[in-house]
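The structure appears right after this line, and notes come after that.
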Amino acid sequence: MRVIETVSDFRVAERKAPRPLGLVPTMGYLHEGHMSLAHRARADNATVSASIFVNPTQFGPNEDLSTYPRDMEGDLTKLEEAGVDLVFAPQLQEVYPPGFDTHVDVGEIATKLEGASRPDHFRGVATVVCKLLTIVRPDNVYFGQKDAQQTLVIKRLNADLNLGAEVVVMPTIRDSDGLALSSRNAYLDDGDRKAALTLSRSLDLARQLYDSENHDAEKIRAQMRNLIESEPRTSVDYISIADIETLDELDIIDRPALVSLAVRVGDVRLIDNTLLP
Ligand code: PAF
């Protein structure tokens, strides 16, 4: 496995790499969710690359950029074990050199849900992913369904700017008790960790209600909220039941829907989602 820090070195390696080439973009502190992407990339491609870069432009001013967990050594060991060939691990200045002043704004799909709660978040994601796709030039790029809206934003970006990658979305990986894996789970103390289970439980509840013919989206949102708010450490940012393609909120679940939510548990903001049916 080669670890490459500069764009120019990566370009040379990419030109020599057997195709197809897969890319797993990450911000590091890798968990089993990331590794499922790396394993799938290994199965699909002749060359597998991963990137590790904590992208400052996707964090808001009061968010956790400075405390975002990092473990470069541990990450490299995991990627090597997964059979990754090339790791792109640039320093900040390599991605955003002095004078950098170009940003990618994806339209409407990026304005809802996470986009409404975290202004400029998707601008930062789209800008860095656009750069990664043009530097690495992957045939296949891998993302987790846990960041459901991010996958829609990136598909839009990839199609609109003809970036030419196949966007592969892999299922959310959960702990045995249902908590979706996230690098931010590292911030949770024991009490918060228990309280965080209300996210996956509320999604299970939504599915149970849907399966027992309750398709009134507002009633389902209300019951999810009750479940989450029964836990005093939580506060709901949003609960959404929306069209899976447009993310427009639904009154009645009469088409494929994304049920998604963002909840603060103590100081930690977590997201999760499920698809209906
Ligand atoms: O999902 C993430 O880890 C990040 O948003 C990504 C796609 C690596 C861009 O920084």
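Can you name the number of the only condition in (1) surrounded by 19 or more Cβ atoms within 10 Å (Cβ to Cβ); (2) away from the ligand (no atom under 14 Å from the Cβ) that SER183 fails?
Unmet for SER183, out of (1) surrounded by 19 or more Cβ atoms within 10 Å (Cβ to Cβ); (2) away from the ligand (no atom under 14 Å from the Cβ): (2).
Go through segment 64-74 and report how many residues are more than 16 Å from the chain's Cα centre (by Cα) and either open to solvent by 40 Å² or more (accessible area, probe 1.4 Å) or within 12 Å of the ligand (Cβ to nearest atom) (or both). Write out each step before concluding.
Filtering segment 64-74 for residues more than 16 Å from the chain's Cα centre (by Cα) gives 66-67, 70-74.
Checking which are either open to solvent by 40 Å² or more (accessible area, probe 1.4 Å) or within 12 Å of the ligand (Cβ to nearest atom) (or both) leaves us with 66-67, 70-73.
Of the residues in that region, 6 qualify.
Considering segment 25-45 alone, what residues qualify as being open to solvent by less than 40 Å² (accessible area, probe 1.4 Å), more than 9 Å from the ligand (Cβ to nearest atom) and either without any contact (Cβ under 8 Å) to a residue 24 or more places away in the chain or closer than 20 Å to ALA186 by Cβ (or both)?
Kept after step one, since they are open to solvent by less than 40 Å² (accessible area, probe 1.4 Å), are these residues of segment 25-45: 25-28, 30, 33-38, 41, 45.
The next check asks that each one be more than 9 Å from the ligand (Cβ to nearest atom); those that pass are 30, 33, 35-38, 41, 45.
Within segment 25-45, LEU30, GLY33, MET35, SER36, LEU37, ALA38 qualify.
Can you name every residue in segment 247-259 that is touching an Asp or Glu at 6+ places or on another chain (Cβ under 7 Å) and open to solvent by less than 50 Å² (accessible area, probe 1.4 Å)?
LEU250, ALA257 - these are the residues of segment 247-259 that are touching an Asp or Glu at 6+ places or on another chain (Cβ under 7 Å) and open to solvent by less than 50 Å² (accessible area, probe 1.4 Å).
Which one is farthest from the ligand (Cβ to nearest atom), of the residues in segment 46-63 that are over 16 Å from PRO90 (Cα atoms) and open to solvent by less than 10 Å² (accessible area, probe 1.4 Å)? First the steps, then the outcome.
First, the residues of segment 46-63 that are over 16 Å from PRO90 (Cα atoms): 46-48, 58-63.
Right, trim to open to solvent by less than 10 Å² (accessible area, probe 1.4 Å) and you get 47-48.
On the way: THR47: 19, VAL48: 16 Å.
Filtering first and then ranking leaves THR47.
Taking segment 128-143 as the search range and keeping residues that are surrounded by fewer than 23 Cβ atoms within 10 Å (Cβ to Cβ), within 11 Å of the ligand (Cβ to nearest atom) and not aliphatic (A, V, I, L, M), which one is nearest to the chain's Cα centre (by Cα)?
Selected residue: PHE143.
Which pairs have Cβ atoms under 7 Å, sit 6 or more apart or on different chains, and link a residue in segment 192-217 that is of a type in the set (Val, Ile, Thr) and at pLDDT 95 or above to one that is open to solvent by 10 Å² or more (accessible area, probe 1.4 Å) and outside any helix (DSSP H, G or I)?
Going by the 7 Å Cβ cut-off, the qualifying pairs are THR198/GLU231; THR198/THR234.
ILE154: within 22 Å of ASP105 (Cβ to Cβ), more than 11 Å from the ligand (Cβ to nearest atom) and open to solvent by less than 60 Å² (accessible area, probe 1.4 Å), yes or no? If you could, list the steps in order and put the result at the bottom.
Values: within 22 Å of ASP105 (Cβ to Cβ): yes; more than 11 Å from the ligand (Cβ to nearest atom): no; open to solvent by less than 60 Å² (accessible area, probe 1.4 Å): yes.
Spelling it out, it is not the case that ILE154 is within 22 Å of ASP105 (Cβ to Cβ), more than 11 Å from the ligand (Cβ to nearest atom) and open to solvent by less than 60 Å² (accessible area, probe 1.4 Å).
List the number of the failed condition for THR111; all other conditions in (1) more than 14 Å from the ligand (Cβ to nearest atom); (2) over 18 Å from the mean Cα position of the chain (by Cα) hold.
(2)
Exactly one condition in (1) among the basic types (Lys, Arg); (2) under 30 Å from ASP189 (Cβ atoms); (3) in a loop (DSSP other than H, G, I, E, B) is not met by ARG264; state its number.
Failing condition for ARG264: (3).
Given the residues PRO98, PRO90, which is the only one that is on the phi < 0 side of the Ramachandran plot, open to solvent by 50 Å² or more (accessible area, probe 1.4 Å) and either over 19 Å from the mean Cα position of the chain (by Cα) or among the aliphatic types (A, V, I, L, M) (or both)?
Working: PRO90 fails: open to solvent by 50 Å² or more (accessible area, probe 1.4 Å).
Only one candidate passes the filter, namely PRO98.
Kindly indicate whether ILE244 is open to solvent by 60 Å² or more (accessible area, probe 1.4 Å) and either within 19 Å of SER117 (Cβ to Cβ) or not hydroxyl-bearing (Ser, Thr, Tyr) (or both). Please lay out each step first, then the result.
Details: open to solvent by 60 Å² or more (accessible area, probe 1.4 Å): no; either within 19 Å of SER117 (Cβ to Cβ) or not hydroxyl-bearing (Ser, Thr, Tyr) (or both): yes.
So ILE244 does not fit the description; no.
The values are calculated or read from the model by the stated rules, or taken from the named source; none is laboratory data. No experiment lies behind these values; they were computed from the predicted model shown. Positions of Cβ are backbone-derived with ideal geometry, glycine not excepted, and every protein chain shown enters the neighbour counts. Accessible surface is based on the protein model in full, side chains and every heavy atom, while ligands, DNA and RNA are left aside. Shrake-Rupley method; radii C 1.70, N 1.55, O 1.52, S 1.80 Å.
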